[in-house]
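The structure appears below as structure tokens.
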Amino acid sequence: MSTSAKRVLDQNEQQWVEQSKKLDGMSHRELTELARQLRSRRERVQRMMRDRARAARRSGENKPDTGAREKKELLVAAIERVNAALEARSLSNSSSRATENLREAVERKAKAPAKSGPKSRTANKGPAETPNEKIAPSGALHAEGMRASMTRSTGNR
């Protein structure tokens, strides 16, 4: 770590930034905890920068807060490294889980009995018979179907 980075970061932040550079031996829980701590510290620095800028605008001063900007840049870079490691692990875990799920599905399919369908293509002899044969068919337009079609369409005439 450079001397300017040591000057900008406090002891905990230096430790977290160094940990973000060596992520190989860390568990998922440790990575998420490190990301949480880094994000919390970054948000604190952002609030501090906003407050200082607001105070400078009120007093009419124009002082750039370079130390806080450097600190934020270092923390953001560390957060990006941790997030990349977390995402790489989740992708490798999800692909291995998907492969395992496919293997289990193939095993279940092999163990299941063969599916037997119906012996014929139709389940019954055809449509049901018309229950009341005294009324005219719905499309009848002659005298025998006139009354039935009129009551269906507009009511009694």
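The values are calculated or read from the model by the stated rules, or taken from the named source; none is laboratory data. Fair warning: this is a prediction, and the values are worked out from it, not measured in the lab. Ideal geometry is used to build each Cβ from the backbone, glycine not excepted, and the neighbour counts take in all protein chains shown. Ligands, DNA and RNA are stripped out before the accessible areas are found, and what is left, the full protein with its side chains, is counted by its heavy atoms. Shrake-Rupley method; radii C 1.70, N 1.55, O 1.52, S 1.80 Å.
Descriptive notes on the structure:
- Residue-level accessible surface for L102, protein heavy atoms, 1.4 Å, Å²: 120
- Rolling a 1.4 Å probe across all protein chains gives S120 an accessible area of roughly 60 Å².
- Distance between the modelled labels on E129 and Q14, one decimal in nanometres: 9.8 nm (7 Å Cα→Cβ projection).
- Sum of side-chain charges, E80 neighbourhood, beta-carbon under 14 Å (Lys, Arg +1; Asp, Glu -1): +3
- Straight-line cross-link partners of K125 among the lysines, defined as a Cα under 25 Å from its Cα and at least 8 positions apart when in the same chain: K115, K134.
- Karplus-derived 3J(HN,Hα), 6.51/-1.76/1.60, for each residue of the stretch 27-39, Hz, glycine and proline x: 7, 4, 4, 5, 5, 5, 5, 4, 4, 4, 5, 5, 5
- Accessible heavy-atom area order of K134, K109, highest first, probe of 1.4 Å: K134, K109
- Partners for K21 among aspartates and glutamates (Cα-Cα distance below 16 Å; same-chain residues under 8 apart left out): E13, E30, E33, E73, E80, E87
- The listed residues K111, K22, once ranked by accessible area (1.4 Å probe) with the largest placed first, stand as K111, K22.
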